[in-house]
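See below for the structure under consideration.
The values are calculated or read from the model by the stated rules, or taken from the named source; none is laboratory data. Since the model is a prediction, treat every value here as computed from it, not as a measurement. Counting neighbours? That spans all protein chains shown, and the Cβs are built from the backbone with ideal geometry, glycine included. Each accessible area value is taken on the protein alone, full model and side chains, heavy atoms only, with ligands, DNA and RNA left out. Shrake-Rupley method; radii C 1.70, N 1.55, O 1.52, S 1.80 Å.
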Amino acid sequence: MIIFETQRLIARYWEPDKDAEQAFRIYSHPEVTRFIRAPKDIPINVDAQRDELMKKCAEYRHNDGTGYWPVLCVKRIIRVSESIIHVSRE
């Protein structure tokens, strides 16, 4: 479910089965998570990340949807000389 959308971005709720692998690539990196979680809380594999995302989705139902969401780039911007060309969704 989409939370908000701009011309170039979509913020949406997590879809654990769809997002677990990419989320694991991001949130298993200690430099990325240095200020948002303790090293002992970093997921150890994709399945652990999927479980964490499922818990986040359950939490959203109890806290009015506040939290962190995946943000997707829906349009690429290609710089050609001095002009910008918008490319449709990937």
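Filter the stretch 31-64 down to residues that are free of Cβ contacts under 8 Å to residues at least 12 places away in the same chain and basic (Lys, Arg) and give me whichever is surrounded by the most Cβ atoms within 10 Å (Cβ to Cβ).
Only one residue tops the list, namely Arg37.
Of all residues in the stretch 13-30, count the ones that are open to solvent by less than 40 Å² (accessible area, probe 1.4 Å), of a type outside the set (A, V, I, L, M, F, W, C) and not in a helix (DSSP H, G or I). Outline the logic, then answer.
Step one: filter the stretch 13-30 for residues open to solvent by less than 40 Å² (accessible area, probe 1.4 Å), giving 14, 16, 19-20, 23, 27-28.
Remaining after also requiring of a type outside the set (A, V, I, L, M, F, W, C): 16, 19, 27-28.
Subsequent filtering for residues that are not in a helix (DSSP H, G or I) retains 28.
The number of residues fulfilling the criteria is 1.
Name the residues in the stretch 29-54 that are farther than 24 Å from Arg12 by Cβ and touching a Pro at 6+ places or on another chain (Cβ under 8 Å), would you?
Pro30, Pro39
Does Ile10 fit the bill of being modelled with pLDDT under 90 and either touching a Ser or Thr at 6+ places or on another chain (Cβ under 9 Å) or not in a strand (DSSP E or B) (or both)? Walk me through how you get there before you give the answer.
Values: modelled with pLDDT under 90: yes; either touching a Ser or Thr at 6+ places or on another chain (Cβ under 9 Å) or not in a strand (DSSP E or B) (or both): no.
Taking the combined requirement at face value, the residue does not satisfy it.
Please go through the stretch 46-75 and pick out each residue that is in a loop (DSSP other than H, G, I, E, B), within 15 Å of Asp19 (Cβ to Cβ) and not hydrophobic (A, V, I, L, M, F, W, C). Can you show your working first?
So in the stretch 46-75, the residues in a loop (DSSP other than H, G, I, E, B) come out as 63-70, 74-75.
From the residues that got through so far, the ones that are within 15 Å of Asp19 (Cβ to Cβ) too are 67-70.
Those that are in a loop (DSSP other than H, G, I, E, B), within 15 Å of Asp19 (Cβ to Cβ) and not hydrophobic (A, V, I, L, M, F, W, C): Gly67, Tyr68, Pro70.
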